[in-house]
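Q: Dumping the structure here so I can ask a few things about it.
The values are calculated or read from the model by the stated rules, or taken from the named source; none is laboratory data. Quick caveat: nothing in here was measured; it's all calculated off a predicted structure. In this analysis, Cβ positions are derived from the backbone assuming ideal geometry, glycine residues included, and neighbour counts consider all displayed protein chains.
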């Protein structure tokens, strides 16, 4: 038996449930940006959130996000937590929320106004407050954006060199300058122009081939973009590669087409990304030889040179280090200097070290040589000046720098020349391996043309398939002819049988119809053309042309004329006459089938 | 109909008979034979330099014989020049793929080179080609594949014609048709592989101990890496005295042609 207090509890709970179920859901929609003001290139977190107590969330959208491709989506996360609470006062409470968290990277300064986010809960629409995001110019913009110097003019010329224009995305290779001297630096920058919202982490650039160049790459550490207008259409331009290249030979050198793949279409959480691939165009560089006359060992660039000894006095047999540093703008790996022999001094091979840096679009550096000089005789030793000739492409003039004359003294007894100081580059002795006896006999075969390259090989290879095709074609034609003949014969027999049926039924009109049809069909089949419409005189001439003898042709015409006449005067025809006509027709048709047709 | 078959068969078999007779003997066989004898005598005496010189003369004179390459490779190996020994053993095996002794010596030369290098540097590995086509067709010569292709081609189309138009069906016709079709495909792929259709260029062996691979065909171009003597690769481009070598490991770069030897006898670097 249920106690009254239990009944009261159940009633209260039911009432609470009913009240709760019938109540309006408590919905809150918010849009927040953290921080509210950012610089170009920085990231900002944009959170769109709907919270509903007592209702079912059906959707959440911030439509204005698609309006601004300048706001690059770095990441997107959807969170949908749900919680239940139980209380005597409020019954079972279900609270659910849905959040879209975007991490954005603005690429263009400006004020971005977002219309309210719209959420749908239990079929009703709820809106947030609008949001304004302020993006200040970044450091790169203020400095002129050295990464994007080619696109910094914000408008690319309509000729669009180094690119094949595509309305969605295209690659562009910018080479500056495009005409240089051998060994002179060119700057190669590969851009991706795109109107697609790409995922930066999915960008996979492929380097262009640069055969004939010595290349120094300036690594791209982060993918940054800038808005550029091309043929009136705004594009985002990304720098994918930046290199300093030095042509190693004169003539026309080609920089191969660059390539890139990237994913687009990650605006929605469940959207499958689309893989996009773009290939650029090759770019030609005209490389001139250095102007003549000039020093034969001149390198391209502008250099200074320094030289010093680590000490100016040493005992005979001790080492003195001579160091020469060549420093300047250009490819220091091109630098070559030689130390002339110094009397009474043994010189070891130099150690060479390079330091290079790429700044403001120029490759510069220092090449250092270190020689170990060993005085073998006492006295004063002189290191003569060493010249370095270069051609400065900016001034279009040759220049030259020299080291000063350096001296050092050595004391002590003379040292016998030795070769044991330098590590011996001895080759390890070959392992004693047995390779077996040599072959005493040989056919001494001369260079023979392989079978596959001999003239008859192709014909022998083609012969079986060609023969097969001929056999198939011949068989097919023969079968078709047989089939046609068999079909014509069957119709012929059917017409004769139906004429015999008409004879038995004593139906002259039908009988002569069949006779005419039978003769006409026999002629059609034999001649391969319809003859039913020909006048009898023309038909006779055609039959004679086709090789029928006069008698047969005349008999055919007579039979056709007789049958035509009998068809229209059927009442006067006797059954005997019809039987004779049938016999004649059968005999004539057999003669027609036996006769050969003139071709 | 039967007469037509006989004619077709006769047309096919007649050139094969001419092929079976082989090429006419070389006019300069006697002088080449003397050089070969002299080279053999030098090799037997242990004068590897003279033997190498004489065998090389034969090769320069156009002799493309597996036994000559075998002896040349053996002379190089005995002299301790293992990369060149590897090159000439490979050439011998290209001309006579099922030469067991040449295969054994090739492995011995590779092993000796590895041991020599390991002794000097601590470790060593030689990059060998290991393609599927080499594994399948390695023991078959190009000419035998070409003849087999012709026979399989004839058999396949004969069976096909019989199956298409023949009035009498025999039990073994369709198995024979399938078998000949498979043989035809096998031979066609093999011949394509031997002819280099599956490669990017002629096969090559690095000859120098350090073959420096550069960005461009110039000694001043930036270094991309290096191949070691005995490493296999393919020559994918040429420019003057430079070749672009792609090693088995995928490294690619320009190097002087003198440091690389081509395995396939019908190719030359210069």
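Q: On the given criteria, is residue A:188 within 14 Å of chain B (Cβ to nearest Cβ) and closer than 24 Å to residue A:166 by Cα?
A: yes
Q: May I pose another question? Can you name every residue in the stretch B:132-144 that is crowded, with 21+ Cβ neighbours inside 10 Å and farther than 19 Å from residue B:100 by Cα?
A: Selection gives nothing.
Q: For residue B:227, only one of the following conditions fails: (1) buried (at least 20 other Cβ atoms within 10 Å of the Cβ); (2) under 27 Å from the mean Cα position of the chain (by Cα); (3) free of Cβ contacts under 8 Å to residues at least 60 places away in the same chain. What is its number?
A: (3)
Q: Further, regarding this structure: Evaluate the following for residue A:366: is it at pLDDT 90 or above and either more than 14 Å from every other protein chain (Cβ to nearest Cβ) or within 19 Å of residue A:184 (Cβ to Cβ) (or both)?
A: Considered against the rule, which asks whether it is at pLDDT 90 or above and either more than 14 Å from every other protein chain (Cβ to nearest Cβ) or within 19 Å of residue A:184 (Cβ to Cβ) (or both), residue A:366 comes out as yes.
Q: Looking at residue B:243, is it more than 10 Å from every other protein chain (Cβ to nearest Cβ), surrounded by 18 or more Cβ atoms within 10 Å (Cβ to Cβ) and under 27 Å from residue B:112 (Cα atoms)?
A: No: the conditions fail for residue B:243.
Q: Go through (1) assigned to a loop (DSSP other than H, G, I, E, B); (2) touching a strand residue (DSSP E or B) at 6+ places or on another chain (Cβ under 9 Å) one by one and return the number of the condition residue A:228 breaks.
A: (1)
Q: Then there is this: Of all residues in the stretch A:442-489, how many are more than 8 Å from chain B (Cβ to nearest Cβ) and touching a strand residue (DSSP E or B) at 6+ places or on another chain (Cβ under 8 Å)?
A: Counting residues in the stretch A:442-489 that are more than 8 Å from chain B (Cβ to nearest Cβ) and touching a strand residue (DSSP E or B) at 6+ places or on another chain (Cβ under 8 Å) gives 0.
Q: Kindly indicate whether residue B:233 is within 12 Å of chain A (Cβ to nearest Cβ) and either within 21 Å of residue B:84 (Cα to Cα) or in contact with a strand residue (DSSP E or B) (Cβ under 7 Å, 6 or more places away or on another chain) (or both).
A: Values: within 12 Å of chain A (Cβ to nearest Cβ): no; either within 21 Å of residue B:84 (Cα to Cα) or in contact with a strand residue (DSSP E or B) (Cβ under 7 Å, 6 or more places away or on another chain) (or both): yes.
No; evaluated as a whole, the condition is false for this residue.
Q: Please go through the stretch B:181-202 and pick out each residue that is modelled with pLDDT under 90, over 13 Å from residue B:142 (Cα atoms) and not in a loop (DSSP other than H, G, I, E, B).
A: Result: no residue meets the conditions.
Q: Would you confirm, using the coordinates I've provided, whether residue A:249 is over 21 Å from residue A:358 (Cβ atoms), in contact (Cβ under 8 Å) with a residue 12 or more places away in the chain, within 14 Å of chain B (Cβ to nearest Cβ) and surrounded by 17 or more Cβ atoms within 10 Å (Cβ to Cβ)? Working first, answer last.
A: Working: over 21 Å from residue A:358 (Cβ atoms): yes; in contact (Cβ under 8 Å) with a residue 12 or more places away in the chain: yes; within 14 Å of chain B (Cβ to nearest Cβ): yes; surrounded by 17 or more Cβ atoms within 10 Å (Cβ to Cβ): yes.
Yes: the conditions hold for residue A:249.
Q: Continuing with this model, one more query. Go through the stretch B:71-180 and tell me which helices (runs of 4 or more DSSP H), entirely inside it, have 2 or more residues that are within 9 Å of another protein chain (Cβ to nearest Cβ) and farther than 18 Å from residue B:263 by Cβ.
A: Helices (runs of 4 or more DSSP H) meeting the threshold: B:100-121, B:142-165.
Q: Please work out which one of (1) modelled with pLDDT under 90; (2) buried (at least 17 other Cβ atoms within 10 Å of the Cβ); (3) assigned to a helix (DSSP H, G or I); (4) more than 10 Å from chain A (Cβ to nearest Cβ) is the condition residue B:32 fails and give its number.
A: The one condition residue B:32 does not meet is (4).
Q: Out of the stretch B:60-70, which residues are surrounded by fewer than 21 Cβ atoms within 10 Å (Cβ to Cβ) and either part of a helix (DSSP H, G or I) or more than 8 Å from every other protein chain (Cβ to nearest Cβ) (or both)?
A: The answer is B:60, B:61.
Q: Being within 11 Å of chain A (Cβ to nearest Cβ) and out of contact with any helix residue (DSSP H, G or I) (no Cβ under 8 Å at 6 or more places or on another chain) is the filter; apply it to the stretch B:35-59 and report the residue that is farthest from residue A:443 (Cα to Cα).
A: B:44
Q: Given the options A:491, A:477, name the one that is part of a helix (DSSP H, G or I) and within 23 Å of residue A:581 (Cβ to Cβ).
A: Residue meeting the stated conditions: A:491.
Q: Then there's this: Can you say whether residue B:212 is within 27 Å of residue A:210 (Cβ to Cβ) and more than 24 Å from the chain's Cα centre (by Cα), as far as the supplied structure shows?
A: Working: within 27 Å of residue A:210 (Cβ to Cβ): yes; more than 24 Å from the chain's Cα centre (by Cα): yes.
It is true that residue B:212 is within 27 Å of residue A:210 (Cβ to Cβ) and more than 24 Å from the chain's Cα centre (by Cα).
Q: Then there's this: Could you check how many residues of the stretch A:54-75 are part of a strand (DSSP E or B) and modelled with pLDDT under 80?
A: 4
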